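Data first, discussion second: the structure below is written as structure tokens.
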Amino acid sequence: MMRILKHRLTWPIAALLVLVLINTLSRASFLQVTTLNGEFHGSLIDILRNSAMLMLVALGMTVVIATRGIDLSVGAIMAVSGAVALTFIESSPTPGDLSTVAIGIVLGTLVALVLGAWNGFLVAVLGIQPIIATLVLMLAGRGIALLITSGKITTINSPPYRFMAQGYVFGLPFAFYVSIAAVVIIVLLERRTALGVLTEAVGINPVASRLAGVRSRGIIWGAYIASGALAGIAGILYSSNIMAADANNAGLFIELDAILAVVLGGTSLAGGKFSLAGTVIGVFTIQTLKTTITFIGVPPAITPVFMAVVVMIVVLVQSRRLRSGVARLVRSVRPTPPARPDLEVTP
Amino acid sequence: MNGNDEVPVVEVERATKRFGSEFALDGVNFRLFPGEVHSLMGENGAGKSTLIKGITGALHLDSGSVRVDGREVHFATPADAQQAGIRAVYQEIDLLPNLTVAENILLGDEPRRFGGIDWRALRARAAEILAELGLNIDPASQLSAHPLAIQQLVAIARAISSDVRVLVLDEPTSSLDLDEVAELFRVIRELKDRGVAILFISHFLDQVYEICDRITVLRNGMLVGEYLTTELLRIDLVHKMLGRDAEELATRPPVGDHADHATPLLEARGLSAGRVSDITLVLGEGEVLGLAGLLGSGRTEVARALTGIDTLTAGMIVLDGTTIIPGNPRRAIGLGLTYSSENRRAEGIIGELTVRENIVLALQAQRGVLRRIGLSRQRELAASWIEALSIRPASAEQLAGVLSGGNQQKVLLARLLALSPRVLVLDEPTRGIDIGAKVEVQRLVRELAENGMSVVFISAELEEVLRVSARVTLLRDGRVIATHDADALTVDSLLALIAQPDVD
Amino acid sequence: MIGILSNVVSGILTKVSGFFGRRSAWIPVFAALGILVVMMVGAQVRFGNFLTPRLVSSLLLDNAYLMILAVGMTFVILTGGIDLSVGSVLAFTGILGARMLVEGAPVAVVIPVMIVGGSLVGLLIGVLVQFFDVQPFIASLAGLFLARGLAFVVSLSSIPVVEPSIVWLQSTRFSFGGWYITPTGIIAILVVVAAALVLGYTRFGRTIYAIGGSEQSARLMGLPVMRTRLLAYVVSGTCAGLAGVVFAASVGAYPLNGVGTELDTIAAVVIGGTLLSGGSGFVVGSMIGVLVYGTIKGIISFLGAESSWARITVGALLLTFVVVQRAIVARSTRRR
């Protein structure tokens, strides 16, 4: 157990701690939490709130990646769900009603779930490569969202809807509770049932899993449905935050952040073994990094350079080639485990 | 012919290679003469592949020397070895299915014109080389359009396209049928007459004795000896390969009498699926039914059709008196029909899961996602099967991917047995595992049958089929040709039945 | 008479089927061509004034940059990889060039620098993929972030490109009849031709296919796998740099140029019949894919429909192609 912990989560946690440390050292206010009207405020609270969207999307992405897949359409699905919810609420006579808002949210999430099911159908039933299958919706999704909002940015005025992203419960942002609920539900689903290990089996060896009687089709399909639904809720949060359905910018590039969070958390993009805890840490790391960058005074537009550097550091740390190179350096000090003969191809 | 006064084209001295602390090769000497066919024999893990890789430059020896024509060489890459005229054709064909036959033969040494590839000359030269081998294949056709056997011959064509002095054939016949093997042997003899030295690796003793002039035997990374084929009896060869009393293997344990009168448990009536058609067979309660036939005869297809992996196009399956439609592996398992694939790594083991997870996988899948088997129960199950099948190393938390072939096979068996199935269909369960594990698996199958399990046993090795099974159903070209009691058959008579031409 | 005719027909049919038997990889390219023709003819019948020389000429003009990107992407996809960075690289090299021109650098320096800038990003991705076993998807994602961020480092706002020799690339029209072609169009066509020759007639090109077919085999055959794969990404980066020049010539430089272009490029390449799993496809197909893409955009604007329909249609078309490809692959594997 200790070994697994060491392998999988040491690096992600270390990265997060380093970031927090840098922040704390550079500004004392970073760890500071103040109360205002019974609500907590401060950088940490901001990170908790702002990471909610990414958390939802990254959880779904983790499960999809575990099945050897990838879901590029999450951003587009966010745009669609926001558009559906807001268009419904806007067209309703009572946009401020809790029931209207609830129906809007359920509608938006349902549509997102259907889009996820569509992705799952393409991948699990038709057997199309995940990158391409979800690329289709990534291309078409924003177009669909634009059609739903008739090409404009739909805005609404609805306090209950605003509460989703901006409200507080027991002093903490409501959005944070949403993301925590999602984490708990997904963890229970994956680890308290056999879904997790069966998903890993399918991700590692789909053929063998089928022969062992695993419903791989259903598991893969379910992963995309989950990813779609979670992205849908994220889309609701996004539109609630700006109180508008912006088909062009909702969830833009979030698929990349989500994939990055998953990889940061130690889950291999090749599928199979996955770590939800790692993803949660990955999400917080990315969010902290973004906060840090903004704080340093770098224009937000240049954030991608930092993301690129992070991606490269992460992949290099995970790179087997680099690790074996380091191992070679250490070899003189201590004996190494037996090398795999099939990897002994001279470069 | 190949007197010892000649200079060997390849001579290896004291070759040593270690992987970690284990010796893959330990001071092995080896020589290969021009114009001979030389067989390298040994169990899995004897060091054959390592030695070949050392000769072909695919691997660095830790110590020892390789001499070609008496001069010491150091091949850093396979390309260096190829420069020296040493070429290898491996079991998994290392060609490019998406390119043309001509490119597959000549790419890397393609004729050029104006700085680019001269396609016309490329096809012409490829056609010449194919013609030399007596093959009539369109050089411009895409390689993937051809069956495996042709692809193998194309691989040989590639190997001889340049000035080849040494040709290594690693298990070239394992996916070929009899005609194709004959064709391959014709090509080998032709090359031999040209003075090419051929290193031939095969598990099939018949083939070794048919084509080889000399045999080098390895065991546990060490040289046992070098012999002329004519001077080495088969039983001695087996003895030398195994290093233990071959008698232990040769004795044929009796088949339980009850099998003859067994009540039918599983019946296939007029089954058709893919390449097999009109398959009718009966499996009794507590019986081991062998399926024998050449590769491509439909053994695997029958097994897969019985266990719901491939869909039936016609016919029906009767289990215990009721007609069933397995439909998919999941439903088949639910009915008690289980299948262990011939392709252990690709279709069996989940390498990055632990032995425990692998063992409980099918059972868990059967129970459904929501009814998770508790961790302690999983551990219990795994521990009991590890003990019952003596899986080594005896750790449930070991990743299954790192186990040896034989132990992976046992893990697979455990996965199926944990389901307490009614029928076990084992497709080549002993392929590619060492002799010791082989014997264990065979013994296990018999024990299971004695305890009432019905088993369909498939193996390419006829001797093994006869030893394990009570009855043998023979397949040829996707059809059942006969079913006999195993007692009434010998390897030779079985071979005769299989090889018999169709009489219509 | 009829007998002779049917003989001729069956003769042609055997020829055709023989051709496809040998070269099954071309089938999707012809399918894409068929779709292009059907769409063009259909649009002509519907609108009456679609297939005008002016419009068809502008198809090449408007999509020259995409064609250049698609050529580079084809190299990468043929090796079984993917390059998500091309849109950002296009923006980065564009804004870099524009800034250099503003600062007074001579155009003879600027254009090579733009192209080499693209190559360097490609090289970086290639190194990550080849030497550190990073998945192409992730490595090029890093390239995407990097180039986009660098574009903003160069300038946070758009810079107009007024350098005459660059504007000349786009504004000069060599006319004949109602047809015309711009230097950018010529560049695009030259790139396609050069790439087709390289892929078809050089060892580098064949090695690209070989890697896509089976990297292991290619290596055992003694082909220079390492160098070739690295170069494939460099080619893609270089094409993106060149596309940056072409794009800047037509619409100027803005750090947010080409967002999502990588998707358009991949879609065009796939529609043009290149298998994403690698090893099968042609740059000519990618060119046709780009033209299909351009025609769809043209039709949408003719219909006066929401421009969002263009993306939806491309998505649908991509889906159709992928499903058909999938069916073909499934059938051929089942046959074996």
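Couple of notes before you dig in:
- The calculated FRET efficiency for C:PHE47 paired with B:SER162, based on their beta-carbon distance and R0 = 60 Å, is about 0.50.
- DSSP beta bridges fully contained in the protein assembly as shown are about 65 percent antiparallel.
- Simple label model, 7 Å out from Cα along Cβ direction - B:ARG234 to B:ALA131, nm: 4.1 nm
- Sequence ranges C:250-258, C:80-88, ranked by mean other-Cβ count within 10 angstrom, highest first: C:80-88, C:250-258
- Virtual spin-label span in nm between B:TYR209 and A:PHE121, 7 Å along Cα→Cβ: 6.2 nm
- Check: the protein assembly as shown dipole with +1 on Lys, Arg Cβ and -1 on Asp, Glu Cβ, in debye: 3320 debye
- Less than 5 angstrom separates the built amide H of B:MET41 from those of B:THR216, B:VAL217, B:LEU218, all sequence-distant by 5 or more or on a different chain.
- Anisotropy class of chain A from Cα gyration tensor, a/c 1.5 cut: oblate
- 20 Å Cα-Cα threshold exceeded, pairs from B:LYS240/B:LYS438; B:LYS48/B:LYS240; B:LYS17/B:LYS53; B:LYS17/B:LYS48; B:LYS17/B:LYS410: B:LYS17/B:LYS410
- A cut-off under 11 angstrom between Cβ atoms defines the neighbours of B:PRO326, and their net charge, with Lys, Arg +1 and Asp, Glu -1, is +2.
- Ordering A:PRO206, A:LEU16, A:LEU147 by Cα displacement along the dipole of chain A toward the positive end leaves A:PRO206 in first place; charges were set at the Cβ atoms of Lys, Arg (+1) and Asp, Glu (-1).
- Highest mean packing comes first when the peptides C:50-60, B:330-340 are listed by Cβ atoms within 10 Å, giving B:330-340, C:50-60.
- Extreme residue, positive dipole direction of the protein assembly as shown, given options C:VAL153, A:GLY251, B:LEU25 (C-beta unit charges): C:VAL153
- Spin-label model, C:THR172/C:MET226: points 7 Å from Cα along the beta carbon direction are separated by 4.3 nm.
- Taking every residue in B:369-380 and counting other chain Cβ atoms within 10 Å of its Cβ, the average works out to 3.
- Cα gyration tensor category, rounded, prolate or oblate, for the range B:93-162 with a/c compared to 1.5: prolate
- About its Cα centre, the dipole of chain B is roughly 1700 debye, where the only charges are +1 on Lys and Arg Cβ and -1 on Asp and Glu Cβ.
- Both numbers refer to the Cα atoms of chain C; Rg and Dmax are 20.9, 76 Å.
- Of the DSSP H helices in chain A, those whose Cα atoms cover at least 24 Å axially and whose Kyte score averages 1.6 or more: A:43-66, A:74-91, A:98-120, A:130-148
- Size of charge dipole - chain C - debye, nearest 20, with Cβ of Lys, Arg +1 and Asp, Glu -1, no other charges: 1180 debye
- Amide H contacts of B:THR483: B:LEU474, each under 5 Å away and 5 or more positions distant or on a separate chain (H built 1.01 Å from N in the peptide plane; Pro and chain starts excluded).
- Modelled FRET efficiency - R0 22 Å, A:GLN166 with A:PHE253, Cβ distances, 0.05 increments: 0.45
- Summed side-chain charge close to B:LEU424 - residues other than B:LEU424 whose Cβ falls under 13 Å, Lys, Arg +1, Asp, Glu -1: -1
- Normalised contact order of the range B:93-162, rounded percent, pairs of Cα under 8 Å and 6 or more residues apart: 46 percent
- With the Kirkwood sum run over all distinct C-alpha pairs, chain B has a hydrodynamic radius of 24.8 Å.
- Reachable aspartates and glutamates, given that their alpha-carbon falls under 18 Å from the alpha-carbon of A:LYS152 and they are not under 8 places away in the same chain: A:GLU90, A:ASP246, C:GLU306
- Neighbourhood charge, 12 Å Cβ-Cβ cut-off, centred on B:SER202 and excluding it, Lys, Arg +1 and Asp, Glu -1: -3
- DSSP H segments from chain C that extend 27 Å or more along their own axis, Cα-based, with Kyte-Doolittle mean of 1.0 or above: C:2-22, C:27-47, C:53-78, C:107-132, C:225-251, C:283-303
- Sites B:ALA488 and B:ASP193 - FRET efficiency at Förster radius 41 Å, r taken between beta-carbons, to 0.05: 0.45
- Ranking C:ALA210, C:ALA195, C:MET221 by how far each Cα lies toward the positive end of the dipole of the range C:185-312 (charges on Cβ) leaves C:MET221 at the top.
- Average Cα contact separation per residue, chain C, under 8 Å, 6 or more apart, as relative contact order %: 32 percent
- Taking N as the residue count of the protein assembly as shown, its C-alpha radius of gyration divided by 2.2 N^0.38 Å amounts to 1.01.
- Choice from A:GLY282, A:GLY127, A:GLY251 with maximal GNM fluctuation in chain A (Cα, 10 Å cutoff): A:GLY127
Every number here is computed from the coordinates shown, using simple stated rules; none is lab data. Please read all numbers here as calculations on a predicted model, not as lab measurements. Note that each Cβ is placed from the backbone with ideal geometry, even for glycine, and that neighbours are counted across all protein chains shown.
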